[in-house]
Every structure is written in structure tokens, then in C-alpha cells.
1. Hey, if you put +1 on the Cβ of every Lys and Arg and -1 on every Asp and Glu Cβ in region 564-661, which of Ile572, Gln632, Gln619 ends up farthest toward the positive end of that dipole?
2. Over region 559-642, with the other protein chains present, what is the accessible area per residue in square angstrom, probe 1.4 angstrom?
3. Per-residue accessible area for Asp288 at 1.4 Å probe radius, Å² rounded to 10?
4. Using +1 on the beta carbon of Lys and Arg, -1 on that of Asp and Glu, and nothing else charged, what's the dipole of region 66-195 about the Cα centre, debye to 20?
5. Using only protein heavy atoms and a 1.4 Å probe, report how much of Asp182 is accessible, in Å² to the nearest 10.
6. Can you spot the aspartates and glutamates whose alpha carbon is less than 12 Å from Lys539's alpha carbon? Ignore those fewer than 8 places along the same chain.
7. Looking at this model, which pairs from Lys427/Lys676; Lys623/Lys665; Lys517/Lys643; Lys296/Lys663; Lys598/Lys680; Lys145/Lys496 are more than 19 angstrom apart at the alpha-carbon?
8. If you roll a 1.4 Å probe over the heavy atoms of the protein chains, what accessible area per residue do you get for region 120-176, in Å²?
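The values are calculated or read from the model by the stated rules, or taken from the named source; none is laboratory data. The model shown is predicted, which means the values in this text are computed figures rather than measured ones. Note: ideal-geometry Cβ built from the backbone for every residue, glycine included; neighbour counts use all protein chains shown. Please note that ligands, DNA and RNA were not included when accessible areas were found on the heavy atoms of the full protein model with its side chains. Shrake-Rupley method; radii C 1.70, N 1.55, O 1.52, S 1.80 Å.
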Amino acid sequence: MASQGKRKRDHDSSDSSIETPPGTKRKRDHESSDWSIETPLTTDMIIENAKQILQRVSNPDQVIKDSRKKATIGVFGKSGEGKSSLLSAILGKQGLLPAGCFGACTAVITQVEANLTDSNYTAEIELISKEEWEKELKDLFKHLKDDSEDRNEDLFEIAVEKITALYGDDADQKTLEELKNDDKFAEIDTFLSISTKIISNSNVSEFTNAVAMHIQHSESSPGGWYWPLVKSVTIKLPDCNELLEHIVLLDLPGTGDCNKTRQDLWKSKLSECSSVWIVSGINRAVTDRDPWGILKHCIEELGPGGKCKSINFICTKTDDINLEAYIRSARLPRDPIPEDKDERKTCIVHRNEHAKTRVKEKFANSEIKKLFNTDNHFQVFTVSSKAFFEPNLNLESSETEVPKLQDDLRNLNKSVNRELARDYVNKAKGHLSLIQSGQLNEDKKRIEKKVNEFKKNLRKPLDELDRYFDSICNDLEQCLSKGVEVSVKLCVDATKNLITPNKDGRGFHKILGALCKSNGCYWSKNWDVILDLNKTLAKDFHECIFDEFCKIFPVNEKTGKSVQEQIDKFSIIQSDSAYPSSDILHHIHNFIKIEETKLKAALNRDIVDRKKEIYQSIQKTIKNEMASCYQQAAAVKGTGSMKKMQDLLITTVDEKKQEMFNKAKMEVLEMFNNLKRDIKSALEDELQEAIERSQSQTSKKRQMDVSREIEELDRLLEQLSD
């Protein structure tokens, strides 16, 4: 289901699957199954067995295994918080990922997944375009040569960092023209002639060193570090299918960056996360503003504008403890004790439990709590990656809590794998049910009656779906109208509060200029300043629709009002026809039921992506309406430029507010109505087609008995049932 047109479907058509001459029937007396289900099978073995069963009677390529998106886990955390060590420990190999790979001072988006093709360590490095770098380099030199008292220090530091990382320690002292005459400049120009660089090596140490120069930075050895040119890096690791076959670990760096491409990529990747890990050293887990600030800033992209279902807060470096200082600060009822391993372990465990309690309390009082109403959607882990690899630190493996996170990944991976296997075996069963229905002699009128019953039954749930959408559309429209009213009333003051500093404003005109240049959004290098005018203007609008939107598109729990629940209820199989009396009707019934299940699962996955687009459209509309204003404001220079930029932004918001917010409302309603139309169309067209296929198959009367194969598939499904 998609707004651009009808969804592409995999037709498990059996029209050309059997070449058995008419009038012949397979001899089954001497056949026996070549496998046993007494020993529990893995999901891969189950899929392979299902393929073998199909092979005996049909072309297995007629049934296609789903290739859906992998589950994405977003990992937040500053440089030095131990993200690389954490991931290396979870994946079971010390030093597996380059230090700084997760959480470098760069803006590179890095993701780690399983290598499913060979046994090499592979990195796919996506580069920004040559044109993008030329434009960015000019901007960097503008910030670099700004020697005014109120220059933006963030932008100045970023400029120095990027230019010296690439061109060497004296590059920031040169002019742009001088730099262009440097041999290094020509080398980098050539480097950018490719869009993607591939690194592949069977030796992990050599691989790590080769990747490091694209994602790390060393102030002591500047030059030749390519991260300023890198958009994203995908690292693929061998021998980790059990953990990452269906999962992507995604580092979302929390640094400011003036490259619009990276900002847009950051936001789009964030909305893909089905889970988030917040990584912070245990000593600062509660007090550090960064992880909590990032979480707060991203609440909309994770919840109604995304698909995040759980958060893990991971306190790292639990083995790093000063015993005497901790005993004193924690007021443990003992005299100072020698650095004895058992006492050290006691203190570590005590601090871990205290940290878990404090972090849970802080989360319970945070804004993001409203997205995650139950405790099992927020977990706290206290991890020592070092102790996991070094038993002499006297912590049991389980006490490092690395195995708990491994189990988390393993269970998620297994869950996706079982779901895919179940879908495949069900599709295989539906395929064979259709074949079986074609070989049974049955009264033609009886079959036509059942088919007509299905066609008649299709109308009723479609009408119910219409009434449901009309109801929630009315409720949503009321909330949207309220959103327009409140936003029009408050938007000018909200704009003034954001773009007018409370203090003397020294240097703020540079921040404001950067905000306008980046289409209304500015993130400081260390997240201590986050200014997003588009998000600010959308805030009141979002608050007015938040509760209703989360009922229609919940992140986790059922609400009794969600689109997904309504689709789950949809069925053309009525209770009075659930148990057909004849064999042929039983197989037709099975086929229709499996087609329904497959279709509804695909629709529910599509709905998650569509709901993100709907929610994000409000901010997108505001950004588009303000685009020309941002462009004009960014061009303002000279004396009094800050006041001119502020006046231009405030005046534009005031002039456009009614039209802008009404447009945002109408865009949401249009997208919602498109969703309704596409869901109805998919259900009606595809189920109608399934009904017709079931009828056409029975008219062919092919003599092929596949009842034993169907029984074998049923036994496979039993193993996937829990």
C-alpha cells in the first residue's frame, strides 16, 4: 500500500506451478518424509524444510521470502562514554570497532550490521559530493577568518577541526586560494570523485586501521583524516548473525554540523529507530545534560514522528571506581578499607543499584515518559566492558551486564527471524492449499456459493472501515483546528522568545545567521544550545493533536482506536463459515485466511511509515513556508544585522501565521485521507483477486494430492507458534 500507486504484491500463483498431466495422481504409498520434527528446528532449518516440501510438488520460487527492513537501534552518547568498547564487548571481540567509531567528535553517522555475504570485515563509506564540499569549504573559511569579538566559537572550532583534520595542522592559517594550490587539495579532490568507498579485509586489525582514518580525528597528528567528507559509514561484521542478522546498530552523533545533508540524514535515520540506547558514564548518568537533552529534543522523532518502542539507558565504566571516595560519599557503614577485590566488587554492585534507581526516577519525571507508559519499555543497564574481557577485575560475566544486552539483541533478532519464518511457511501453506483445492471433485455450485459469500462478506468490513475513518477523521480535524487556533495566537511570542537572547546577545547574531542558513535549525557543537524555529512553531500544534494522534497511531499499547487494530479486525471470513464442512472449502478457506493475514501484516508495516510522514508534515510545511524568509535573513549583513534578521523572522511569522498553520492542517487531513483510500483499495483489490484466484484454481481440476505436504507445513508452524 503506497500513495504513489498500488503496492507490488508477491503472487503465490499456482497457475503454472504444476506440470502433472491431467488425469494422473501421484502415488504416495512409498513416499515418506525425509525429515523429523522430534528435534526442535532453528528458523533457518524450518524455512529450508518448507522449501524442500514445496520442491516435491511445485516450484519453490513461487513463494518468496519477505525482505523487510531491519530493526534499527539508535545509540546516543558523547565521545569518551565508552560506546565503541560497549559494542565491541557485545559483539564479543575486544577492539573490534575503532575507538571513536561510536561517539567521535565528528558528525559521521555510523551503523554496524552483520555481513551476510562473506567472512570479511567490510565498510561502505558514503561521501558527500564534490559540489557540497566546495560550498562547505567556502563557509568554513568564512568562519575561520572571522576575528570579530562576537564570532560564533562553535562554528570557528568546527572550521578549524575540519580543515586541519583534512589538510594538516597549518591549513587553518592559509587562505582558501593557498590551500587550493596544496598537493593535499588535489588528492582530496580526486578522493571525492567517487560517491562510495569500500574497505574489505579478513584481518580485523588491518580493517580497523583502514576504517579509522574515515571516522576518527587526532589533534596530535592532523592531516589525512577524512571524516569531514563522510556522510555515513556502514560496517558489516562476519560471524554475528545470531545478534545482528535482522538488526542495525546505528550511532547518532550528537554534534552540531553545518552540513545540511548530514542534518537531514540524521533526522531521517532517527525516525527509523525502533529502539534507542542512551550511553553515559555511570558517574554522570543522572547529572549529565547531554543524554537527557538529546532525548528530550528527539521526543517527536522517536514517538509520533517515529517508531521507537523502547529505551535502554546504559551506564558504562562501572569498574572505574575510587573505593575510599565512594565509601565516603555513599556513607557506607564501614571504616576505610584496603583495595581488596571483594570490597571493590561490593562497592561496584552498590553503586550500580543506586545508579539504576536514580536514572529510573529521572526518567519517570521526564517528558518522554508519556510515550512509554510501562516500565518494561525503559530499562537501565550498568555495564563494564573492561571487566567483561578481564576476569581479574573480579566481576562475574553476568555482573558486567554485557550478557543481558546480548540477550536483548539475540531475542529481538530471534523474534524477527521467527516472524519471517512464520510468514514464509504460511505463504507456502496457502500456496499448497490452493493446489489441493484444485484436485478435489466438488459440486461447482457449492464452490460458487462459497466464493459469492466471500465477495459479499468483503463489503461489510469495508463499510465498517469507512465509518471508522470518518469518525477518527472528525476527531482529528477538531484537534487540528484547535492546533491552528492556538498556534496563530502564540507563534509570534514563541518566535521572539527563541530568537531574542535574554542577556546582552554578544555573538548571538552568528548563531541566528547559522539558524537561517540551515533553514531554521541550529545545534551547537556540544548540544548545549539547540535552536529550531520550525520545531518551536510546530510545538503548540503538535501538543494539540498529540493525545489523539497517539490513540490513532500508538507506539506500543492498544488504544481501541488505532488504525492497526481496525485492520486486524478486518476479515471476510465470518464466524458462521469458519469451519467448512467439505475438504475443498476447507482449503479455499485456508488460502483466503493466509492471504488476509499476509496483507494485513504488510499494511500494518506500511502504516508506521505513513504515520511518520503525516506527523512530520506539520513541521515540513512550516519549514517550506518560511524557506524564502530564512534565505533573505541569511543574506543580511553589516551593522544592525541581528536586529534586521529578528524583525524579518518575526514579521514573516506574523504575516504568514494563519495561512501557514491552515496549510499544515489541510496537509495532515489530505495525507490522512490518502491513507484511508490506499488501505481500502489494497484490502478490496487484493482480497477480490485472492477470491478470484481460489475460484479459477478449483475449475482446473488438476490431479495433485498435496495433503501430506500441508500437514508437514502445519507441523512446522507448530514449532513457530510460541
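1. The residue sitting most towards the positive pole is Gln632.
2. 43 Å²
3. Near enough 10 Å² of accessible area.
4. Here region 66-195 has a charge dipole of around 840 debye.
5. Its accessible surface works out to 40 Å², give or take rounding.
6. Lys539 reaches Glu300.
7. Lys427/Lys676; Lys296/Lys663; Lys145/Lys496
8. 45 Å²
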